Every structure is written in C-alpha cells, then in structure tokens.
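**Student:** Take this structure first; my questions come after.
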Amino acid sequence: MTIKFYENYLFLEMGLYDPISFTQENYLDVSNFFLNATQLQFDCYCVECKQELTFKFESRVNNKNWVPGQLPEIQKTMLNSHKIPIVLVFKCQRHQSHIYTFSFRITGDKITKVG
Ligand SMILES: [Zn+2]
C-alpha cells in the first residue's frame, strides 16, 4: 500500500498497526510532514465540545533526529530512525485544553500509526 499523503487520511482514516510504505520519490515530503511541518490541521468531531471543529498543530515529540538540509540519503536515514514513535499534538480551536495526539513509528521505509 502506498501512502495517501494528507492530514485527513493520516490522522482520521489510517488504521492502527497497518504500515504504509514511502518511496524514494516522496520521502522528503514525508520527512517534512512528520518531522518539521507546523501548518497541519484537520476537521473532526471534538468529543468534549460535541461538535465538528478544526484541530490545529500544536507541537511534536521525539523528532529530535530531524536536521533539515542534509543530503538525501542522510535525510532518509534520519526519517527511518523513529522506532520510538513521533507524537503529533493538535488542539481544538474552540477550547485549547482539548487535545488530540497521534503517534507514528517510522522505520524500514514504512510508517506505522501506533496511537
Ligand atoms: Zn473542543
């Protein structure tokens, strides 16, 4: 299975423990998305507000291996070094205390959502 590369798929539709592969062609986009991007957002039902709302990117945990601007092979190796998952944190735009988090393990040219 190849990656469907947008927020709604990765955060709302992608199943747990069902790895998807990335390729030589799209790993830089994947690196940016998981390790660097700050403009991520998606719309979904907030279980605390009890309505459909926008969740915007807030922070990222365990992307410390990311150093932008390296040679492609080094970047690919850095991307693949996340056996301990990267956690992406999003906040509900109505109440900042409403937080959704998503965890992704990235190793062996595969992304696995683990939480
Ligand atoms: Zn909310």
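**Student:** Give me the residue from region 77-115 that is within 14 Å of the ligand (Cβ to nearest atom) and among the basic types (Lys, Arg) and, out of that set, nearest to Asn63 (Cα to Cα).
**Tutor:** Per the criteria, the residue is Lys91.
**Student:** Output the residue which, of all residues in region 14-27 that are modelled with pLDDT under 90 and of a type outside the set (S, T, N, Q), is nearest to the chain's Cα centre (by Cα).
**Tutor:** Checked region 14-27; the qualifying residue nearest to the chain's Cα centre (by Cα) is Tyr27.
**Student:** Restricting attention to region 21-43, does a residue exist that is in a loop (DSSP other than H, G, I, E, B) and on the phi > 0 side of the Ramachandran plot?
**Tutor:** Keep residues of region 21-43 that are in a loop (DSSP other than H, G, I, E, B), which gives 22-26, 37-40.
So of that shortlist, the ones also on the phi > 0 side of the Ramachandran plot come out as none.
No, region 21-43 contains no residue that is in a loop (DSSP other than H, G, I, E, B) and on the phi > 0 side of the Ramachandran plot.
**Student:** How about region 15-53: which of its residues are more than 16 Å from the ligand (Cβ to nearest atom), surrounded by 15 or more Cβ atoms within 10 Å (Cβ to Cβ), of a type in the set (Phe, Trp, Tyr) and within 16 Å of Phe102 (Cβ to Cβ)?
**Tutor:** Phe33, Phe34
**Student:** If we keep just the residues of region 77-104 that are in contact with an Asp or Glu (Cβ under 9 Å, 6 or more places away or on another chain), part of a strand (DSSP E or B) and not aliphatic (A, V, I, L, M), which is surrounded by the fewest Cβ atoms within 10 Å (Cβ to Cβ)?
**Tutor:** In this case the residue turns out to be Lys91.
**Student:** So Ser59 ticks every box in (1) in contact (Cβ under 8 Å) with a residue 40 or more places away in the chain; (2) within 23 Å of Gln93 (Cβ to Cβ); (3) loosely packed, with under 14 Cβ neighbours inside 10 Å; (4) more than 16 Å from the ligand (Cβ to nearest atom) but one. Which box is left unticked?
**Tutor:** The one condition Ser59 does not meet is (1).
**Student:** Follow-up. Taking region 1-13, which residues are surrounded by 18 or more Cβ atoms within 10 Å (Cβ to Cβ), at pLDDT 90 or above and among the aliphatic types (A, V, I, L, M)?
**Tutor:** Within region 1-13, just Leu10 meets the criteria.
The values are calculated or read from the model by the stated rules, or taken from the named source; none is laboratory data. What you see is a predicted model; the values in this text were computed from it and never measured. No Cβ is skipped: glycine too gets one built from the backbone with ideal geometry, and neighbour counts run over all protein chains shown.
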